[in-house]
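The values are calculated or read from the model by the stated rules, or taken from the named source; none is laboratory data. Given the structure is predicted, the values throughout are model-derived calculations rather than measurements. Note: ideal-geometry Cβ built from the backbone for every residue, glycine included; neighbour counts use all protein chains shown. In case anyone asks, the SASA skips ligands and DNA or RNA and just uses the protein heavy atoms, side chains included. Shrake-Rupley method; radii C 1.70, N 1.55, O 1.52, S 1.80 Å.
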Amino acid sequence: PLSKTFSGKKVFITGNTGFKGSWLTLWLEQLGASVSGYSNREKTQPSMFEDLGIEKKINQFHGDIADRKSLLAALKIIKPDFIFHLAAQSIVSTSYSNPLETFKTNSLGTATLLDVMVELEFDGVAVMITSDKCYENDERITGYREDDCLGGRDPYSASKAAAEIFLSTYIRSFFSDGSKQRIGIARAGNVIGGGDWNANRIIVDCAKAWLHREKVSIRNPEATRPWQHVLEPLSGYLRLAQKLSESLELHGEAFNFGPKESNVYTVNEVVKRLGKHWGYKDIASHLELAPNKIMHESSLLSLNCEKAAQELSWSPRLEIDECLKLVADWYIQFGRDSDRLLELTLEQIKYFESKVN
């Protein structure tokens, strides 16, 4: 059980005020961990982290992930048993408008954390989260494997590939034997779930529009995506950390965490299915096509997760309509009574745990 691994342990999460970070923070807190978070002060509006009062449950530090002095001070205080590195600029469109900041956060930020770990002689477990977009995407039908070529045509993808190179270098140069610290790399992407308020994400666009009884604009309806609920990859991160704490064998290894193969749908199909869970009978009257911006965005990207299945005994659990129902329930509750959102979020975590068990 995960609680056996994390109960009473000190866990440090970078980027914990974001969408995935908020879910992971709550889950670990429910598992009995003493959670500390590190993030900048920028938050989406609305903010899941703020709306659910998560800061009251943990130790929170504020700072830039590339600020070595600030990060070093926080880690000196906490002396964590586990680190989960989620801090990132995660929006492809933002990487076009601000590429330098994207590289600073995603690439240099990862290197900064690794460098601090070297100075502190960190002796715990670290799970470093990059992205499925770290692969050189040639629009292949088959899923990418962990030993496939890294790359990136857009700044976001390139920044994640660069972070992977930094990880490989530091692991081989400073953490080679894994006798003290054990590091694992997690690659996942395109997660959906309640509490995501980031711009230029189709599920978020639907929620924002439909909460205001407006039409949602679909930019790229025929783009194919592998859709997974946020708790799916998070369960992979936790399982990877658990296995690293038990064995040296996985030190320095990368793992893909993706959805079921059956959960690959076009944007158009997912919007229609989400609309049904929202309660719309005639979904066509609640959406419209929008002109696509001139920027490269992969139309097909999927992961091969056989390695995680074989070495971590991990597999995705939720079908597409289970994912979308959880998403719709969360946002509808937000529109009705946000005071019950924390209770609903914890209920969804418990539901997902029951699916795993």
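Restricting segment 324-357 to residues that are open to solvent by less than 80 Å² (accessible area, probe 1.4 Å) and of a type in the set (Lys, Arg), the residue that is nearest to Ser22 (Cα to Cα) is Arg340.
Checking every residue in segment 138-146 against the condition of being closer than 20 Å to Ile13 by Cα, open to solvent by less than 20 Å² (accessible area, probe 1.4 Å) and either in contact (Cβ under 8 Å) with a residue 24 or more places away in the chain or not hydrophobic (A, V, I, L, M, F, W, C) (or both) gives zero matches.
Name every residue in segment 99-143 that is assigned to a loop (DSSP other than H, G, I, E, B) and polar (S, T, N, Q), in order of residue number. Lay out the reasoning, then the answer.
Just the residues of segment 99-143 that are assigned to a loop (DSSP other than H, G, I, E, B), to begin with: 120-124, 130-131, 136-143.
Within segment 99-143, Thr130, Ser131, Asn137, Thr142 qualify.
Scoring Ile54 on the criteria (1) at pLDDT 95 or above; (2) farther than 23 Å from Gln242 by Cα; (3) β-branched (Val, Ile, Thr); (4) under 16 Å from the mean Cα position of the chain (by Cα) leaves a single failure, condition (4).
Output yes when any residue across segment 175-189 is farther than 30 Å from Tyr351 by Cα and not in a loop (DSSP other than H, G, I, E, B), and no when none is. Within segment 175-189, one or more residues are farther than 30 Å from Tyr351 by Cα and not in a loop (DSSP other than H, G, I, E, B). Pairing residues of segment 236-251 that are touching a residue at least 24 places away in the same chain (Cβ under 8 Å) with residues that are among the aliphatic types (A, V, I, L, M) and open to solvent by 30 Å² or more (accessible area, probe 1.4 Å), at Cβ distances under 6 Å and at least 6 apart in sequence or on separate chains, gives Leu238/Leu2.
Taking the listed residues Arg225, Arg153, Arg213, the one that is touching a His at 6+ places or on another chain (Cβ under 6 Å) and either outside any helix (DSSP H, G or I) or open to solvent by less than 10 Å² (accessible area, probe 1.4 Å) (or both) is Arg153, with no other qualifying.
Rundown of residues vs (1) surrounded by fewer than 24 Cβ atoms within 10 Å (Cβ to Cβ); (2) over 16 Å from Phe84 (Cβ atoms); (3) within 21 Å of the chain's Cα centre (by Cα), yes/no style:
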residue: Tyr170; (1), (2), (3): yes, yes, no
residue: Asn190; (1), (2), (3): yes, yes, yes
residue: Gly194; (1), (2), (3): no, yes, yes
residue: Arg201; (1), (2), (3): yes, yes, yes
residue: Ile218; (1), (2), (3): yes, yes, no
residue: Glu249; (1), (2), (3): yes, yes, no
residue: Phe255; (1), (2), (3): no, no, yes
residue: Lys260; (1), (2), (3): yes, yes, yes
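Which one of Ile171, Ile202, Ile183 is in contact (Cβ under 8 Å) with a residue 24 or more places away in the chain, β-branched (Val, Ile, Thr) and closer than 20 Å to Val264 by Cα?
The unique qualifying residue is Ile202.
Return the total of residues in segment 99-132 being open to solvent by 50 Å² or more (accessible area, probe 1.4 Å) and under 19 Å from Asp154 (Cα atoms). Qualifying residue count, segment 99-132: 6. Looking across Glu42, Glu29, one residue alone is closer than 25 Å to Met117 by Cα, of a type in the set (Asp, Glu) and modelled with pLDDT under 95. It is Glu42.
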